[in-house]
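**Student:** I am attaching a structure below and will ask some questions about it afterwards.
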Amino acid sequence: MGQCSISPVRARLKWILGALGLAGLVAYLRRRRAPAQAEHDPRAAELRRTLEESREAADRAAPTEPEKEPTEDLAERRRGVHERGHSALDEMTPPPAE
């Protein structure tokens, strides 16, 4: 009778999966390391200061106003929207060909 090939295939599969697992572990540990601290860039402090000044200026310049309640009732607003929609549709519809 012929030889059984299941055992050698399983052994090779174990080696391959072990190698992939080891490679995955190495990749994980490399990503997990803390990145090296970059040199202090003097422009960064100036950019942070400029950003803070612009935020402060925006806060002072744009005071928040409370929302105004609609003066029209809902039925009037709907009617107006429908009228604008119908007029827009009339403008888009080509004239009948004669």
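The values are calculated or read from the model by the stated rules, or taken from the named source; none is laboratory data. These numbers were taken from a predicted model, which means no experiment stands behind them. Neighbour counts run over all protein chains shown; Cβ positions are idealised from the backbone, glycine included.
**Student:** Of these, ALA27, ALA38, which one is hydrophobic (A, V, I, L, M, F, W, C), at pLDDT below 85 and out of contact with any strand residue (DSSP E or B) (no Cβ under 7 Å at 6 or more places or on another chain)? It would help to see each step written out before you state the result.
**Tutor:** On the way: ALA27 fails: at pLDDT below 85.
ALA38 is the lone residue from the list that is hydrophobic (A, V, I, L, M, F, W, C), at pLDDT below 85 and out of contact with any strand residue (DSSP E or B) (no Cβ under 7 Å at 6 or more places or on another chain).
**Student:** Could you look through the range 45-98, keep only residues that are of a type in the set (Asp, Glu) and assigned to a loop (DSSP other than H, G, I, E, B), and pick out the one that is modelled with the highest pLDDT? Show your work before the answer.
**Tutor:** Residues of the range 45-98 of a type in the set (Asp, Glu): 46, 52-53, 56, 59, 65, 67, 69, 72-73, 76, 83, 90-91, 98.
With the extra rule that they be assigned to a loop (DSSP other than H, G, I, E, B), the set shrinks to 65, 67, 69, 72-73, 98.
Values: GLU65: 69, GLU67: 69, GLU69: 70, GLU72: 70, ASP73: 85, GLU98: 69.
Taking the candidates together, the pick is ASP73.
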